[in-house]
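The values are calculated or read from the model by the stated rules, or taken from the named source; none is laboratory data. Fair warning: this is a prediction, and the values are worked out from it, not measured in the lab. Positions of Cβ are backbone-derived with ideal geometry, glycine not excepted, and every protein chain shown enters the neighbour counts.
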Amino acid sequence: MREAFADLDYDESGHIIIEPDPWAKSPQRCGDQAVAVLRGEVTSVAGTPIAVEADTISCTATDRMRWSQPAGSRWSDGSMRESPR
């Protein structure tokens with residue numbers, strides 16, 4: 001099964017980049033990349049279009065999130081916010 005990732009970057013060769021100290025990605029960015037995977041092309045960190053073929057799209061964000069509030073807590077408006085890099 002071919003797998004693509006909504007929250008990981010890709011290098012010029014089309015390989016995913018695993019960050020040693022990952023930070024949360026914005027939900028919008030992850031959603032945009034998931035749609036790009038569905039269309040068959042993502043953008044590398046250098047800005048080059050990279051063809052991808054995937055049977056499934058994964059998101060490692062739930063293992064990697066760093067929130068400015070403890071996990072599972074929410075601000076008074078009901079939202080969760082990412083901590084700044």
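Details
- Output for the stretch 11-54, where each listed residue is closer than 23 Å to M1 by Cα, surrounded by fewer than 11 Cβ atoms within 10 Å (Cβ to Cβ) and at pLDDT below 90: I18
- Applying a threshold of 8 Å to beta carbon distances and a minimum spacing of six or more residues, or different chains, the list of pairs starting in the stretch 41-57 at a residue that is within 15 Å of H15 (Cβ to Cβ) and ending at one that is small (G, A, S) and assigned to a loop (DSSP other than H, G, I, E, B) reads S44/G14; I50/G14; I50/S44; A51/G14; A51/G40; V52/G14; V52/G40; E53/G40.
- Members of the stretch 11-41 found to be farther than 15 Å from D55 by Cα and among the aliphatic types (A, V, I, L, M), listed by number: I16, I17, I18, A24
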